[in-house]
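Okay, so here's the structure we're looking at.
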Amino acid sequence: MAGVFDRGAPSYDRTGVDFFGPMGRELVRRAGLRPGERVLDVGCGRGAVLLPAADAVGPTGRVVGIDLAPTMVELTRADVAAAGLSQVRVEVADAEAPPLPEASFDAVLAGLVVFMLPAPLDALRAYRRLLRPGGRLGFSTFAAHDARFDEALRTLAQHLPEEHRRPPTADREPLFGTAESVAALVDAAGFQQVTVDEVPFESRFRDVDHWTAWAWSHGARALLERIPADRLPAALADAAQVLAPAGGDLVLGTTVRFACGVAAPAPSDS
């Protein structure tokens with residue numbers, strides 16, 4: 001998955017679709033960041049959370065962004081330097097086990113990344129250890145995609161070679177399937193005052209070609225890359241019929257869950 005995002009990094013969140021930006025700004029707003037605070041942004045991508053967090057803590061604060069995709073980090077570093085944000089540092093690191101000092105952050109944020117990790121509970125417990133007493137956790141996950149988006153991905157998958165087709169799995173559903181399960185996960189990681197809220201967003205595309213360029217820029221790329229080149233035009237044509245059978249512009253809705261909590265004063269991993 002890190003390789004997928006590394007290859008997509010040059011266009012990630014740079015296709016003219018207002019998708020990750022509004023979600024990142026909402027996560028920062030819910031975290032209640034204050035000037036001078038120290039913040040870790042896990043899975044920082046191209047800065048959807050990182051940049052508004054830097055604005056919130058100001059020049060007296062400190063924001064560290066980590067990502068496992070080296071190209072993503074390289075490009076985001078350049079963006080940070082161009083913006084003159086001396087309070088921001090971006091490094092290559094594993095989102096599941098950030099190699100950073102314990103009790104060194106006032107807030108740990110993770111935008112649309114925790115659900116992709118092999119051991120999300122272990123990751124959340126690692127974030128708790130990085131927080132100072134009373135420090136805040138905030139992360140986002142997908143609650144629901146537009147039905148047309150889900151159907152478009154299923155349509156694309158029908159063009160995969162038989163040996164590349166993967167049966168549906170529900171491995172993550174017990175953890176991320178509902179607001180209640182997400183709240184239970186945060187509680188199990190050692191956080192108090194847990195809240196989980198669902199917020200709808202809309203994303204606008206000029207046409208299906210614009211949607212396709214956007215799909216290549218993020219996690220959907222993992223599916224597109226597995227479709228043989230000679231099958232890809234037909235696959236995309238079939239997906240276009242699902243997304244916008246009459247052509248023209250396209251509006252898709254996405255519902256995102258925002259989970260927040262405060263580090264317990266005397267946590268236990270047992």
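Against the criterion of being at pLDDT 95 or above and under 18 Å from L40 (Cβ atoms), L160 does not qualify. Selection within the stretch 47-73: residues that are among the aliphatic types (A, V, I, L, M) and in a helix (DSSP H, G or I). The member of this set that is surrounded by the most Cβ atoms within 10 Å (Cβ to Cβ) is A53. Listed by first and then second residue, the pairs linking a residue in the stretch 77-92 that is in contact (Cβ under 8 Å) with a residue 40 or more places away in the chain to a residue that is in a loop (DSSP other than H, G, I, E, B) and of a type outside the set (K, R), with Cβ atoms under 8 Å apart and 6 or more places separating them unless they lie on different chains, are V90/C44.
Is it the case that the stretch 5-20 has a residue that's outside any strand (DSSP E or B) and within 27 Å of V262 (Cβ to Cβ)? Yes, there is a match, as at least one residue in the stretch 5-20 is outside any strand (DSSP E or B) and within 27 Å of V262 (Cβ to Cβ).
Take the conditions surrounded by fewer than 18 Cβ atoms within 10 Å (Cβ to Cβ) and of a type in the set (D, E, K, R) and apply them to R29. Does it pass? Don't jump to the end; show me each part of the working.
Details: surrounded by fewer than 18 Cβ atoms within 10 Å (Cβ to Cβ): yes; of a type in the set (D, E, K, R): yes.
Criteria met by R29.
Taking each residue of the stretch 182-199 that is acidic (D, E) and looking for partners that are exposed (fewer than 15 other Cβ atoms within 10 Å of the Cβ) and assigned to a strand (DSSP E or B) with beta-carbon atoms closer than 7 Å, six or more apart or interchain, yields E198/T255.
The values are calculated or read from the model by the stated rules, or taken from the named source; none is laboratory data. Owing to the predicted nature of the structure, the values given are computational and were not obtained by experimental measurement. Every residue, glycine among them, receives a Cβ derived from its backbone with ideal geometry; neighbour counts consider all protein chains shown.
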